[in-house]
Amino acid sequence: MYKRVVLKLSGEALAGERGFGLDADKVSEITGEVADVHALGVEIAIVVGGGNFFRGVEEQAKEMDRVSADNMGMLSTVINAIALQDALEQLGVQCRVMTAVAMNQIAEPYIRRRAVRHLEKGRIVVFAAGTGNPYFSTDTAASLRAMEIKADVLLKGTKVEGVYNADPVHVKDAVKYDQITYMQILQQGLKVMDLTAVSMCKDNNLPMIVFNMNQPGNIRRVVMGEKVGSLVTA
């Protein structure tokens, strides 16, 4: 069983079938599974994306300055983080939102030592606002935070079963990898996560497990060490 994990959630995962905004049932389902794993004594940090809000205005944002658009995306992740915090606290789990962009009335600023202390005290930490910088994705933020807090593994929840040699949504006979290296992902140009995040994980020997978030109980299975999804190693 892993002791400390970072779970990367896409914003779309919180939208459920709606595809936009927040689906209360989906948020409740995800946080219920996270709380279940937390009850095992696992230290959990979550990095959440903002695609469920920002992708909806992406077409209009194409005309925007990239920095302004990325700032909007970072703020979208804060909305999701607060929703996760509220849902977790309703389950009786202590949770802290830490943002890379200062907004003290809403959440704590991200301070590495404080984040680690929260985890040690049994609180779930939700990291919001990405890295706080434009041009960096929430995948990169997840890799960065996982390394900073010395997580055992980065868990990337997706809507497919793991890493494939082609997009399984569009290619029927796509082959799933049970295990693959970051170098193979880079060489084959697989769209697992952005290249900056892949390179960071590779250079710092951070293992990652890519798995299907829509399968109930999968977070627990992954944390318990069952062979679920695809293991990516350096």
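What follows is calculated from the coordinates using simple rules that are stated; it is not laboratory data. Small disclaimer: the values here were computed from a predicted structure and weren't measured. For neighbour counting, all protein chains shown are included, and Cβ atoms are generated from backbone atoms with ideal geometry for every residue, glycine included.
Enter the mean projected area of the convex hull around the alpha-carbon atoms of region 4-233, in nm², rounded to one decimal. Intermediate values should be presented prior to the final figure.
On the way: hull surface 48.6 nm².
If you wrap the Cα atoms of region 4-233 in a convex hull and average its projections, you get 12.2 nm².
Going by Cα centres, region 1-74 and region 166-234 are how many Å apart?
Rounded to whole Å, the Cα centres lie 18 Å apart.
Give the relative contact order (percent, whole number) for the chain; include only Cα pairs under 8 Å separated by 6+ residues.
It comes to 22 percent, rounded to a whole number.
What full-extension length gain, to one decimal in nm, is calculated for D86 and E148 as 0.36 nm per residue of separation minus the Cα-Cα distance?
Using 0.36 nm per residue and subtracting the Cα-Cα distance, I get 19.8 nm.
If you average the sequence gap of Cα pairs under 8 Å that are 6 or more apart and divide by the length of region 50-166, what percent do you get for the contact order?
23 percent
Using only DSSP helix segments of four residues or longer, with each worth -39500 (n - 2.57), what per-residue ellipticity at 222 nm results for the chain after dividing by its residue count and rounding to 500?
Here the helix-only value at 222 nm equals -11500 deg cm²/dmol.
Calculate log10 I(q)/I(0) of region 92-195 for q = 0.18, 0.24 Å⁻¹, where I(q) comes from the Debye formula with a single equal point scatterer on each Cα and nothing for solvent.
Reported log10 I(q)/I(0), two decimals: -0.95, -1.29.
Report the gain in length on full extension from N133 to S68: 0.36 nm times residue separation, minus Cα-Cα distance, nm rounded to one decimal.
Net length gain for the segment: 22.3 nm.
Counting only complete DSSP H runs, which helices of the chain cover 27 Å or more along their long axis at the Cα atoms and score a mean Kyte-Doolittle of -1.0 or above? Before the final figure, lay out the partial values.
Numbers: long enough: 66-90 (37 Å, 0.32).
TM-like helix candidates: 66-90.
Local charge sum around G32 (other residues, Cβ-Cβ under 12 Å, Lys/Arg +1, Asp/Glu -1)?
-2
Need the list of lysines near K62 for cross-linking: C-alpha distance under 30 angstrom, and skip anything on the same chain fewer than eight residues off.
Output for K62: K8, K26, K156, K159, K191.
Report the charge-dipole magnitude of region 1-151 in Debye, nearest 20, computed about the Cα centre from +1 at each Lys and Arg Cβ and -1 at each Asp and Glu Cβ.
820 debye
Quote the FRET efficiency, to the nearest 0.05, computed for Q184 versus S28 with a Förster distance R0 of 41 Å and r equal to the Cβ-Cβ distance.
Numbers: r = 37 Å, r/R0 = 0.90.
After rounding, the FRET efficiency stands at 0.65.
So for the pair E17, E108, with labels modelled 7 Å out along Cα→Cβ, what separation do we get in nm?
Using points 7 Å along Cα→Cβ, the separation is 3.8 nm.
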